[in-house]
Amino acid sequence: MIDFHTHSANPFVEHSFINQGINEEIGTEKFCLGIHPWEAESRDFTLFVKLLHQVIHHPHFCALGEIGLDKLKGPNFKLQESIFAQQVKLAIELGIDLIVLHSVKSHNECFNHLRNNGYKGKLLIHDYHGPIDVYESFSREWETYISVSKRFLTLEKNYSLIRKLGTFKVLLETDEHPHNSIRDSYQKLSEILNMKVSLIEKHHQEIFYSLLKR
């Protein structure tokens, strides 16, 4: 089973994308590196750029993230936008082909920054809670995936979106809650889609390795 967005290693999953802290030691799992919008004011951007250049060719580095915008939490929104735009430009400059996107009440702003700066890579919108038309607007511009939480899977209003997108676009995550079993999320997704867990695992493995291609 694969955890597509987490903040800590989990021995019970086969693979995971770990959101790497700037001051944390790199482990053995695939990792993402980025300045989270909540940290737009507290992180040293120059230090981040230096570190990103150091890890860009690390065999475990997989994405720039999580980065993005948040209207409900974090520092001044204009500052968030500035840090986000600079990171998008870095992705383009360094040829980073995958961005893990944090977007809270900010889908239009994230979309515009990505498009206006000329980003052409892939997107993984983590902890997705938007309607289908928001996903479709992103997917028309970029190869786009969503990762969803255990809670998202329990809300019946989300079932039509899940069934429409299917297992090649709907991925699973534990985020900051490693106690939430990824196995439970796989089981719930199998019930919603009336599909065997083993088949969902197969599809997610294919996506996992496709996202690692550079």
Subject >> All positions within segment 117-157 that are of a type in the set (A, V, I, L, M, F, W, C) and within 21 Å of K89 (Cα to Cα) >> reply: L123, L124, I125, F138, W142
**OP:** Name every residue in segment 32-48 that is open to solvent by less than 50 Å² (accessible area, probe 1.4 Å) and over 16 Å from Q80 (Cα atoms), in order of residue number.
**Re:** C32, L33
**OP:** Filter segment 74-109 down to the residues that are of a type outside the set (V, I, T) and under 21 Å from E173 (Cα atoms), then identify the one that is most open to solvent (accessible area, probe 1.4 Å).
**Re:** K105
**OP:** Taking the options S185, S139, S210, S190, name whichever one is modelled with pLDDT of 95 or more, over 30 Å from L79 (Cα atoms) and part of a helix (DSSP H, G or I).
**Re:** S190
**OP:** Looking only at segment 151-159, decide whether some residue is in contact (Cβ under 8 Å) with a residue 40 or more places away in the chain and not in a helix (DSSP H, G or I).
**Re:** no
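The values are calculated or read from the model by the stated rules, or taken from the named source; none is laboratory data. All figures in this text were calculated on a predicted structure; none of them were measured in a lab. Counting neighbours? That spans all protein chains shown, and the Cβs are built from the backbone with ideal geometry, glycine included. Protein only, heavy atoms only, side chains kept; ligands, DNA and RNA dropped before computing areas. Shrake-Rupley method; radii C 1.70, N 1.55, O 1.52, S 1.80 Å.
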